[in-house]
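A short reminder: the numbers here are calculations on the coordinates, not readings from a lab. The model shown is predicted, which means the values in this text are computed figures rather than measured ones. Neighbour counts run over all protein chains shown; Cβ positions are idealised from the backbone, glycine included.
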Amino acid sequence: MSGRIDITGRRFGRLVVTGHDHRDREEKKSYWQCLCDCGKKSIVRGCSLKNGDTTSCGCLRAENLRKGRLAGMQASSTRTTAQGYVGTPSYKIWRGMLCRCFTPSSGNYNRYGGRGITVCERWLDFSNFLSDMGPRPPRTSIDRINVNGNYEPGNCRWVTAKEQTANRRPLLEEHVQRSLANLARGRKIRRRKIGLEP
Ligand SMILES: [Zn+2]
């Protein structure tokens, strides 16, 4: 464990680290024992915890899949209430949102459902989504105010592409900072030199 940070006791999503398990010499990665909120134990690679790839024992993904099936059923049952809206911009946005969160085969799933981002129960029904958000104004798409939050009333708004980029910018900067910090660690460059510390 020399030189490695002990993450025992820390929480990552539903997982709390209970102790170090082993270090894979070939991979040069540490594995940690975790206890999930659902009561199951699992052994997870430290980097998967830290970068947010793994946030549960697998129960979250299973839950999302269940919700996804429910959403699919709701979608077909609300097709009657959505009649006249199918194919409209608002309807397409709504379907896209469900896909990103609930369909693992969707290209964006890893950045949404795979990270635990979900759609609130109320919005599984298209008519509720439409009455909360209103019809989509031209040239806008749906934006989550807190980018780590869910699709739900209070966290969503219609924005233009330009406004959306502005909201993503802090996230990008954080990402760049992390890369720089890794670089500094690897090359023994002083953090101050690359502007990470004053
Ligand atoms: Zn679990």
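Hey, what did the range 59-168 get for relative contact order, percent, Cα under 8 Å, at least 6 apart?
24 percent
Which pairs break 31 Å Cα to Cα here: K92/K162; K28/K67; K40/K67?
Over 31 Å apart, Cα to Cα: K28/K67.
Compute the distance in nm between two label points, each set 7 Å from the Cα along the Cα-to-Cβ direction, one at E121 and one at C47.
Result for the modelled spin labels: 4.0 nm.
Starting from the Cα of D24, step 7 Å along the direction of its Cβ; do the same at R61; then give the gap between the two resulting points in nm.
Reported label-point gap for D24 and R61 is 1.5 nm.
What is the set of long-range amide H partners of R136 at a cut-off below 5 Å, with H atoms built 1.01 Å from backbone N?
Hits under the 5 Å cutoff: S90.
Could you list which residues have their amide H under 5 Å from that of F12, counting only those 5 or more apart in sequence or on another chain, with H placed in the peptide plane?
Correct list: V17.
Under a Cβ-Cβ cut-off of 9 Å, what is the net charge of the residues other than G46 that fall near it, where Lys and Arg count +1 and Asp and Glu count -1?
Charge balance in the 9 Å sphere: +4.
Provide L98, L35 in ascending order of the number of other Cβ atoms located within 10 Å of each residue's Cβ, fewest first.
The fewest-first ordering by Cβ neighbours comes to L35, L98.
Which net charge results when you count Lys and Arg as +1 and Asp and Glu as -1 among the other residues whose beta-carbon is under 13 Å from that of T140?
+3
So what are the ³J(HN,Hα) numbers for the range 30-43, from phi and the Karplus equation (6.51, -1.76, 1.60; θ = phi - 60°), rounded to whole Hz, Gly and Pro as x?
Along the range 30-43, the couplings run 9, 10, 10, 7, 10, 10, 8, 4, 7, x, 7, 9, 8, 10 Hz.
Assign one of three labels to the range 59-168, namely rounded, prolate or oblate, based on the Cα gyration tensor with a ≥ b ≥ c the square roots of its eigenvalues; rounded applies when a/c is under 1.5, prolate when it is not and a/b is larger than b/c, and oblate otherwise.
Note, shape of the range 59-168 comes out oblate.
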